1. When the residues of the range 73-96 are narrowed to those that are in contact with a Ser or Thr (Cβ under 8 Å, 6 or more places away or on another chain) and within 17 Å of Ala27 (Cβ to Cβ), which ends up modelled with the highest pLDDT?
2. Val35 is checked against (1) surrounded by fewer than 20 Cβ atoms within 10 Å (Cβ to Cβ); (2) assigned to a helix (DSSP H, G or I) and fails just one. What number does that condition carry?
3. For Thr296, are the conditions met, namely being in contact with a Leu (Cβ under 9 Å, 6 or more places away or on another chain), at negative phi, exposed (fewer than 14 other Cβ atoms within 10 Å of the Cβ) and at pLDDT below 75?
4. Inside the range 157-208, can you point out the residues that are at pLDDT below 70, in a loop (DSSP other than H, G, I, E, B), within 30 Å of the chain's Cα centre (by Cα) and of a type in the set (A, V, I, L, M, F, W, C)?
5. Taking the stated definitions as given, is Leu121 modelled with pLDDT of 90 or more and not acidic (Asp, Glu)?
6. Among Asn218, Asn154, which is in the same structural domain as Pro269 (by TED's automatic domain parsing), assigned to a helix (DSSP H, G or I) and either at pLDDT 80 or above or not aromatic (Phe, Trp, Tyr) (or both)?
7. I need the full set of residues from the range 41-78 which are acidic (Asp, Glu) and farther than 17 Å from Gly96 by Cα, in order please.
8. In the range 45-68, which residues are over 38 Å from the mean Cα position of the chain (by Cα) and either touching a residue at least 60 places away in the same chain (Cβ under 8 Å) or in a strand (DSSP E or B) (or both)?
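The values are calculated or read from the model by the stated rules, or taken from the named source; none is laboratory data. Keep in mind that this is a model prediction, so the values were computed, not measured. Quick reminder, even Gly has a Cβ in these numbers, built from the backbone with ideal geometry, and neighbours come from all protein chains shown.
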Amino acid sequence: MLEYFRSLEVERNLAIGLGNCESPQEAVQIVISAVEDVCSFEGLAFVILSPLGDLIQHRGPKGEDAHWIIQNALNTPRVELKEVYFYQPFGDILGGRGFLAVIFADRPTSLETAFLQFSCLLLSQNLRRLETTHKLSTAKKDKELLLRELKHRNKNSLQMLYNLLPTLIPPLPSLHGDVRYDITQRIAALMSLYDMVDMGKDKNAPLISRYFSTLVENIRIMTTNGIGTLILDMDVEETKKIAQERAHSIAMILHELVANSIKHSSTGPLTLRIVLTIQEGDLVLEYRDTRDGKDTIEVAAEDSQEYGSSGSGLSIISDLLNRSRGIRTDRDTSWGYFRARFPL
C-alpha cells in the first residue's frame with residue numbers, strides 16, 4: 001500500500017515537472033528520474049524521434065541492452081532477449097515518436113508496468129505541447145518580423161513623400177502657402193506616430209504624461225487641424241509609467257475614437273476632449289466630443305440614426321480593450337462619450 005501511495009506522489013510530481021519543462025531533453029530527464037524513484041531496473045533506454053531533435057538516453061549497467069531492444073523492435077525479424085523487460089512505443093506525428101525499454105532482474109510488478117505506461121502517456125502529451133509551442137513561437141517571430149518590415153517600408157514611403165512634397169506640389173498662385181505647410185505637418189505627425197507604435201524600438205515602459213502628450217499632439221496635427229479642437233486634460237504624476245503594449249493599445253483606441261468623431265463631423269466644428277487621471281491605482285481614460293456645444297449623441301439623433309450604431313469601429317475598440325485588460329465603464333455604446341480604466 002505504501003508503494004502505491006508513493007507511486008501516486010511521484011506521478012503527481014512527474015506531471016508538474018513535465019508541464020513546466022521547455023525541451024524534449026529536459027522532459028526525458030524528468031521521466032528517467034521518476035522511473036528511478038519507482039522501478040528497480042538494470043537497464044533503461046529512451047529513443048525520441050522529434051521534429052525538435054532526436055534523442056537517445058541510457059541508464060543502468062544494461063542500458064545498451066535496453067537500447068538494443070528498441071533497435072530490434074524496429075526491425076524484423078525480432079529476436080527475444082533472455083532478460084525480463086518492458087517495451088513501450090508512444091507518440092505520434094505531432095510531437096514525434098518515442099520508445100522506452102526497461103530491463104528488470106525479475107518480472108516487473110503491475111504497479112511498475114502501470115507507472116511506465118503512464119509515464120509514456122505523459123511524455124507523449126508533453127512532446128506534442130513542446131512542438132506546438134515551438135511552432136507558435138516561430139510563427140509569432142515571423143509575424144513580428146513581417147510587421148516590422150511593413151512598418152519600416154511604410155515609414156520610408158512617408159519619408160520619401162515628405163522629401164518630394166516641394167516637387168509634387170509646385171508653387172502656384174492659387175495655392176496658399178499654409179496648405180503646403182499643413183500637408184507637410186500631417187505627414188511628419190504620421191511618421192512620428194509610426195515611431196511611437198514601433199514596439200521593437202524601445203522595450204522600456206514609457207512615462208504616461210510624456211507619451212500621451214506627444215500622442216495627442218500628433219493626432220491633433222494629423223487629423224483635427226481645420227476641423228475642430230482636440231484638448232488633453234491630464235492629472236497624472238510625471239513619474240508614473242505604463243506598460244508599452246498597453247500604452248500602444250490605448251493610443252489606437254484614441255485614434256479610433258477621434259477618427260470616428262471626424263467621420264461624423266459634417267454638422268459643425270468639433271470639440272474633442274481627452275481626460276486622463278489615476279484612480280485607485282488604475283489609469284482612467286475619458287473621451288467626449290461635442291459640436292456647436294451639443295453632445296454628438298444629440299446631433300446624431302437629429303442627423304441620422306446610424307451614428308451610434310455598432311460597427312467595426314466598436315469591435316476594434318472592444319478587441320483593444322481585451323488585449324490591454326481594460327474595462328469600459330460607461331454604459332453608452334455610441335462614439336459621443338467613452339470611459340474606460342486600465343491597470344498600471
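1. The extreme case among them is Phe90.
2. (1)
3. Judged against the criteria, Thr296 is not a match.
4. Hits for the range 157-208 are Val197, Met199.
5. Spelling it out, Leu121 is indeed modelled with pLDDT of 90 or more and not acidic (Asp, Glu).
6. None of the other options fit; the residue is Asn218.
7. Glu42, Glu64, Asp65
8. Hits for the range 45-68 are Ala45, His58, Arg59.
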